[in-house]
Each structure stands twice: as structure tokens, then as C-alpha cells.
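Single-structure report; data block below.
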Amino acid sequence: MTEARHSLREANRITKMLDAVLGEDRFDRHPVDVARLALEYSKKIAPSGPIHEVLERNIPGCMGALVYSESFPRQWGILYHLDQSPGRRSFTIAHEFGHFILHRELVEEGEAYDGGIYCDENSVLRRAGGGIEKEADAFAAGILMPLHDYRNQIPARERATLDQLGAMANRYGVSLTAAALRWLECTETRALMVVSNEGFAHWARPSRAALKSGRFIRTKDSVYELPAEAVAARREFTEEARFGIEQPSGVWFPEPVVEMCIRSDRYDQEITILHLKSDRTVFQQDGIEEDTFDRFMSYVD
């Protein structure tokens, strides 16, 4: 079993437990209280060395951390950086909880970790880390936004609107970015998300179907300037732009797209969702396996 599958197995185990205790309709009432879950569940599986506290701290350059005591047996704590929105904070805590469930022995014994593991914005917010960071992300997404529930809300063949993604963010108590990234993992449609500022993309993420058809935006180790006709480049954040405007071939790709865009003044960035209008496969890479796909995604980002 790969580590990625191990992450999902552990997330599924907790999800089934919560469904049994709280009911499968639990998200109709409230999101996962992940801080409480981390405290209570860790006591059940590691009574001699559980998570004792989930605290806000000033940890410059990091979104969160899983730390341990100098005493034995190790006692654990989760830290999240100052001034995170409730949605970002929830995913950060879940990410660090994932490190506890999956990696606490590695973190405790590894020479690379001094008193704990500290996770930066790239790993948590963008979900663009590798190795154990990716595994913690998969775990966090799995417990906060279970795949079966997400697809009940937005079917895999449905093109999501920004309003729908906002509703998912509220349902699961996460940020719009986290909800959109989860949707890109769930959908069978060709779509991309682009996060930008001042006319340039900070990062972008395609759905699997978009990537397999050759539609992606490369931002890693390169600068991607938004098309002049893009909403974020024109800075025309209207209701029409939020609901979606049609962009002809040659603006984003050599085929038409429906572009939806909103701006977050709090984080000084724009989020753009691109729906490729046709579901036809433009360029099919046969036999893409999970690890090959993931390596290509890390190159594209």
C-alpha cells in the first residue's frame, strides 16, 4: 500500500466513525470540529502521548506546526499561525493532525525535525508539497471534505459555479481555495483554478481531465502573465464575471472557455475558475498512473 493510500485509509476510518456517531447527514448541521477531534481522537489511539493543545502562535513563514515535548513519552501540540481565517485555520489544524496520525514516529525520530514539523504556505494552502506534506494534505481533505459527501453535493460531471464552491466552503468550514481544490480532485470535467495578483498567476491547478487533455498553466519556475482579456487582468469584478463569461479560442487556450472570477481583498488576490466548454479530449495521455500524474502536477504547478 502506498503512503497516499494509507492517508486516505486513515481518513476514511475516522470519517466512518464520525458518520456512525453523528449520522451521515452531519454536514447538514455543521462542519467537522477538527480541533476537538484532534484532541479527543489522539487520546484514544495514543493515550500515553496525545495531542494536548491546539494553539494560535506567531510562527513566521509557516501556516502550522506539530510540536512535541522534550519529556518522554512525547506529548504533542498543534500550532497555527496568527490571523488565519476560520476556513484556513481548519485546514491547517487538519493538516497537522494528519502529521500526528501518519508521521509522529518519523517526526519524533527523524534528524531533520527539531522539536516538530513546521509547514509552510506552499504545503498547506496550495496543497503543493511533496512526500509527507502531500500525505497530510490528503488526510486533511479526506476528513474535512469526504469524497462521497462532496459528490452528493456537486456530481462529478457537473461544472461547478463559484456560488456552489462557496456553499461547499461553508458546508465543510474551509476556505474557498480548499473547497475549489477538492472539487478539482472530484470532478470529471475539464477545469482549472488560477490564483493571481496584479496581472500574474501565483499558481494554478487543473483537474485530472484537463491535464490529460493537455490543458494546464505552468507557474513553477516561470512567470505566467494573465491574458489581457482575463477578468483579473482587466480588474472588472462584476456579477457577470462571478457567474461566468465566455472567452473565445485564443484567450486562455486554443479553445473557448467559460471564465468565472472573484477577488479577495483580504488576501489581495483573485480566484479564477476556467471551464473548458467541450468535454472532448484534446490530447490523451494513455496509461497515466497515480505517481506519474502527481509528478507531472508538481512540474506544472
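Quick note: the coordinates plus some simple rules give every number you see, no bench work behind them. It should be emphasised that the depicted structure is a prediction, and the values quoted were computed from it without experimental measurement. Counting neighbours? That spans all protein chains shown, and the Cβs are built from the backbone with ideal geometry, glycine included.
Given their separation in residues at 0.36 nm each and the Cα-Cα distance between them, Ser69 and Glu56 gain 3.0 nm when the chain is fully extended.
Placing unit charges on each Cβ (+1 for Lys and Arg, -1 for Asp and Glu) gives the chain a dipole about its Cα centre, and among His148, Val54, Ile117 the Cα reaching farthest toward its positive end belongs to His148. Taking a threshold of 21 Å on the Cα-Cα distance, which of the pairs Lys134/Lys220; Lys16/Lys212; Lys44/Lys134 fall above it? Going by Cα-Cα distance, Lys16/Lys212; Lys44/Lys134 fall outside the 21 Å limit. Between the stretch 151-190 and the stretch 39-53, the alpha-carbon centres lie 32 Å apart.
Given contacts defined as C-alpha pairs under 8 Å and at least six residues apart, what's the relative contact order of the stretch 3-146, whole-number percent?
Numbers: 210 pairs, mean separation 42.5, N = 144.
With pairs under 8 Å counted, the relative contact order is 29 percent.
Binning all Cα-Cα separations of the chain at 20 Å, short to long from zero, yields these whole-percent fractions: 33, 57, 10, 0. Go ahead and set up a Gaussian network model of the chain, Cα springs under 10 Å, then flag whichever of Phe237, Phe72, Phe91 fluctuates most. Among Phe237, Phe72, Phe91, the largest mean-square fluctuation in the Gaussian network model of the chain belongs to Phe72. For the stretch 65-121, the set of GluC sites (Glu not before Pro) satisfying both a DSSP loop assignment and a count of at most 14 other C-beta atoms within 10 Å is given as Glu70, Glu111.
Can you tell me which of Leu276, Leu82, Leu184 moves the most in a GNM of the chain? Springs connect C-alpha atoms under 10 Å apart. Checking each option, the largest mean-square fluctuation is seen for Leu82.
A simple charge model with +1 on the Cβ of Lys and Arg, -1 on the Cβ of Asp and Glu and nothing else charged puts the dipole of the chain at about 600 debye relative to its Cα centre.
Sequence gap at least 6, Cα distance under 8 Å: using those rules, report the relative contact order of the chain to the nearest whole percent. Before the final figure, lay out the partial values.
Values: 502 pairs, mean separation 41.8, N = 301.
Computed over the chain, the figure is 14 percent.
Nearest 0.05, what FRET efficiency do Lys277 and Arg36 give at R0 = 51 Å with Cβ-Cβ as r? Display every interim value, and only then the final one.
Details: r = 44 Å, r/R0 = 0.86.
My answer for the efficiency is 0.70.
Among Leu66, Leu55, Leu211, the residue with the largest mean-square fluctuation in a Gaussian network model of the chain, with springs joining Cα atoms closer than 10 Å, is Leu55. Ordering Ile14, Leu82, Val107 by Cα displacement along the dipole of the chain toward the positive end leaves Ile14 in first place; charges were set at the Cβ atoms of Lys, Arg (+1) and Asp, Glu (-1). Label separation (Glu225 vs Ile245): 2.0 nm, computed from points 7 Å beyond Cα along the C-beta direction. Ranked for footprinting exposure by Cβ neighbours inside 10 Å, fewest first, Phe139, Phe100, Phe200 give Phe200, Phe100, Phe139.
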